[in-house]
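Here, each number is a calculation from the coordinates, and none is a lab measurement. Because the structure is a prediction, the values reported are computed rather than measured. Using ideal geometry, Cβ is built from the backbone for each residue, glycine included, and neighbour counts are taken over all protein chains shown.
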Amino acid sequence: MCQTANEVNVYIKKQNFLFQKVLTRIIILVLVILLLNIFQLEIKNSFYHVSSPLINIFKSSGNNIYNFFQSSFNFNSLKKENDNLKEENQKLLSEISSLESLARENQSSKEALENARNRNFSILSSRIIQLDIANDYIVINKGSENGVKVNMPVVSSQEVIFGKVVKVYDNFSEVILISNKNSVLDSKIQYSDPTKPVIHGVVKGKGNLSVYLDLVKPDSQVNQGDILVTSGLEGNLPSGLIIGKILSVNNDDLKPFLTADVLPLFDVKSVDNVFIITK
């Protein structure tokens, strides 16, 4: 009986202790709530005071990261736009170049046709597709199917002679330039004064787009700046095709003929179109 009473007392004490513990926690919680409500502004102010430097750091870092990615995005966008503009600009330049080339070609053809009409020539327009400066010849895009034959002269729209056809294929032809070492043209000096005596000679190729005048009588009055044209003594070339201009005269008494350095007037490096005299 005594033992049972002791156990009951111990149980009651435990319950009282637990009740007091729970009551104490409730009282503390109520006090905390009251304090928070009473000192709400002060607590928030202290919290903001402590946390604001950290918030500023995170905010600044966030802005920097955002600005970095935004700058990267803007850079990529600008780069893409710039590439597109470059591509469009290149297309426009290409179109302008094509239009200019077409305009030059049309003007050249018009001029050549007018000159041919005045000279009673029949001409065929062709395009230079290959230039071999080392061997002084060109390849043009017209051949036997277009009526091209060997020895036909090839000229510019201003009737400056480039050379003559030496080999003909179905759709292409090889033309040796007047600067080719195998090229020899009967020539004469063109004077505006018809009373002056005609001075004949031959223009020979030196290679590398260079020519010289040879076989001129030593007592002939050849001067720097004189214009050389074809003489027409050859059956294949009409008279009056422009060859070049005298650069310097070499009058050596020990040689039987007078010679001169000549500047050829064909512009094979920048001209695209040439004309074949077919008749």
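Points to keep in mind about this one:
- For region 122-177, averaging the sequence separation of C-alpha pairs within contact (under 8 Å, six or more residues apart) and dividing by the residue count gives a relative contact order of 33 percent.
- Maximal additional length on extending the Asn135-Val150 stretch stands at 3.6 nm, based on 0.36 nm per residue less the C-alpha distance.
- Multiplying the residue separation of Asn236 and Asp193 by 0.36 nm and subtracting their alpha-carbon distance yields 12.8 nm.
- Entries in Lys167/Lys245; Lys142/Lys188; Lys164/Lys204 that, when Cα-Cα distance is taken, lie over 19 Å: Lys167/Lys245; Lys142/Lys188
- In this simple spin-label model, placing a label point 7 Å from the Cα along the Cα-to-Cβ direction at both Lys279 and Asn208 gives a separation of 4.3 nm.
- Dipole in debye (nearest 20) - region 122-177, about Cα centre, beta carbon charges: Lys, Arg +1; Asp, Glu -1: 100
- Rg to Rh, two decimals, where region 122-177 supplies the alpha carbon set and Rh follows Kirkwood: 0.93
- Within region 203-223: backbone nitrogen closer than 19 Å to the Asp261 label point (7 Å, Cα to C-beta): 203-216, 222-223
- With Cα atoms as the point set, the radius of gyration and Dmax of region 156-279 evaluate to 14.8, 50 Å.
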